[in-house]
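The values are calculated or read from the model by the stated rules, or taken from the named source; none is laboratory data. In this text the structure is predicted, and so the values were computed from the model without any measurement. Glycine also receives a Cβ, built like all others from the backbone with ideal geometry; neighbour counts cover every protein chain displayed.
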Amino acid sequence: MAAAATFLRPSPRAALAGAWLSVWLFGAAAPATADPLPVFEVAPGVFVHAGRHEETDATNGGDIANCGFVVGDGAVAVIDSGGSPTIGHRLREAIRAHTDRPIRYVVNTHMHPDHALGNAAFLSDRPDFVAHVRFQAALAARMDHYRQAFDSAVGAPAAEVRLVPPTLVVTDRLELDLGGRVLDLVAWPVAHTDNDLTVLDRQTKTLWAGDLLFMERAPAIDGSVLGWLRTLDALAATPAARVVPGHGPPSAPWPDAATDLRRYLSRVVEGVRKVQAAHGTIQQAVDTVAADEAPRWRLFDSYNPRNVTATFAELEWE
Ligand SMILES: [Zn+2]
């Protein structure tokens, strides 16, 4: 499939990855019809579905992260595809309720399953699947774990669902032209994960931050807490009027929307440094660090201990 993308730099910063390698994964077969996901039009032509602040289970079927699409004069870009093939199909139905323009791109902001497992629902559109250059390796390393976790959470038998790897990867920056509308993609250094990608719709100044921005739901540090704080500094300079977080309200003011996340991550770093300076243990850090943040975040008890543990390991090597 030809990429209609133009590159910001003279030398190509993106390249075609192995096309259409199909790796079977998990989930249910495509439903014949699906209820469209409810979406908000947060700016003209920019539609967002707000996922629930829950862990994936049989009731929500993986509908726990924000996803959506941008409509140009000639094409549609999906930005994150939902946490299961079924959610992907429902997102596709929502697109078809608003436009019959072709779906040319499916962009994944990173490899976490709640953002990427809906990709298979778009195979029949033959879009380019667009992701960070490190997306595929990161997902491959976790695939068995994600499959087991999904099967036990949702209780769905593994069927003929494929994980579709990127056909267009971003190592630095990339423009996607939807016809009269350009999306600016940026691949970031290690932060929330090692494969975070953001999308800015130039026309409406809407920034899709993926999980570089959590609101309301406790964040998960799966890359580098120090890298994440640095990335938030750099991202704050993005000339956006509003942001779509990976988790949280479908639209929020930028960069103010990152205030809570920045405070939480900073507290984790400061707290862990204090425990380490006193030669304390990981368990002491887990029991105390950022404890006063608990009332501010949903699912705090599920994520804060892991975040403190990850940060302890990261800062040990400073
Ligand atoms: Zn994530």
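Against the definition (free of Cβ contacts under 8 Å to residues at least 24 places away in the same chain and either closer than 18 Å to HIS53 by Cβ or away from the ligand (no atom under 14 Å from the Cβ) (or both)), how does ASP233 come out, yes or no? It is true that ASP233 is free of Cβ contacts under 8 Å to residues at least 24 places away in the same chain and either closer than 18 Å to HIS53 by Cβ or away from the ligand (no atom under 14 Å from the Cβ) (or both).
For (1) within 24 Å of ASP301 (Cα to Cα); (2) surrounded by 20 or more Cβ atoms within 10 Å (Cβ to Cβ); (3) touching a Ser or Thr at 6+ places or on another chain (Cβ under 9 Å), each residue gets a yes or a no:
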{"residue": "ALA141", "(1), (2), (3)": "no, no, no"}
{"residue": "ASP172", "(1), (2), (3)": "no, no, no"}
{"residue": "LEU183", "(1), (2), (3)": "no, yes, no"}
{"residue": "ALA191", "(1), (2), (3)": "yes, yes, yes"}
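Selection of region 104-124 for residues being closer than 12 Å to LEU91 by Cβ, away from the ligand (no atom under 16 Å from the Cβ) and not aliphatic (A, V, I, L, M) yields only PHE122. Here region 188-219 is the region considered, the condition is being among the polar types (S, T, N, Q) and in contact with a strand residue (DSSP E or B) (Cβ under 6 Å, 6 or more places away or on another chain), and the residue that is farthest from the ligand (Cβ to nearest atom) is THR204. Restricted to region 14-42, and to residues there that are out of contact with any helix residue (DSSP H, G or I) (no Cβ under 9 Å at 6 or more places or on another chain) and crowded, with 18+ Cβ neighbours inside 10 Å, the residue that is modelled with the lowest pLDDT is ALA14. Out of region 100-119, which residues are part of a strand (DSSP E or B) and of a type in the set (A, V, I, L, M)? The answer is ILE103, VAL106, VAL107. Is one or more of the residues making up region 220-229 at pLDDT 95 or above, under 18 Å from SER81 (Cβ atoms), assigned to a loop (DSSP other than H, G, I, E, B) and within 16 Å of the ligand (Cβ to nearest atom)? Within region 220-229 (the criterion being at pLDDT 95 or above, under 18 Å from SER81 (Cβ atoms), assigned to a loop (DSSP other than H, G, I, E, B) and within 16 Å of the ligand (Cβ to nearest atom)), the answer is no, since none of the residues qualifies.
Would you check if ASP73 is in contact (Cβ under 8 Å) with a residue 40 or more places away in the chain, among the charged types (D, E, K, R) and within 14 Å of the ligand (Cβ to nearest atom)? No: the conditions fail for ASP73. Filtered by the rule that a residue be surrounded by 21 or more Cβ atoms within 10 Å (Cβ to Cβ) and in a loop (DSSP other than H, G, I, E, B), region 46-60 gives ALA50, GLY51, THR56.
Does at least one position in region 140-156 carry a residue that is more than 18 Å from ILE64 (Cα to Cα), more than 16 Å from the ligand (Cβ to nearest atom) and part of a helix (DSSP H, G or I)? Yes, because at least one residue in region 140-156 is more than 18 Å from ILE64 (Cα to Cα), more than 16 Å from the ligand (Cβ to nearest atom) and part of a helix (DSSP H, G or I). For region 125-134, the candidate set comprises residues that are away from the ligand (no atom under 16 Å from the Cβ) and part of a strand (DSSP E or B); within that set, the residue that is farthest from ASP151 (Cα to Cα) is ASP128. Selection of first residues in region 255-272 that are under 21 Å from ALA313 (Cβ atoms) and assigned to a helix (DSSP H, G or I) and of second residues that are small (Gly, Ala, Ser) and modelled with pLDDT of 95 or more, restricted to Cβ pairs under 6 Å at least 6 apart or on distinct chains, gives the following pairs, ordered by first then second residue: ARG267/ALA290; VAL268/ALA290; GLY271/ALA290; VAL272/ALA285. Among the residues of region 193-219, the one identified as of a type in the set (Ser, Thr, Tyr), crowded, with 24+ Cβ neighbours inside 10 Å and assigned to a loop (DSSP other than H, G, I, E, B) is THR193.
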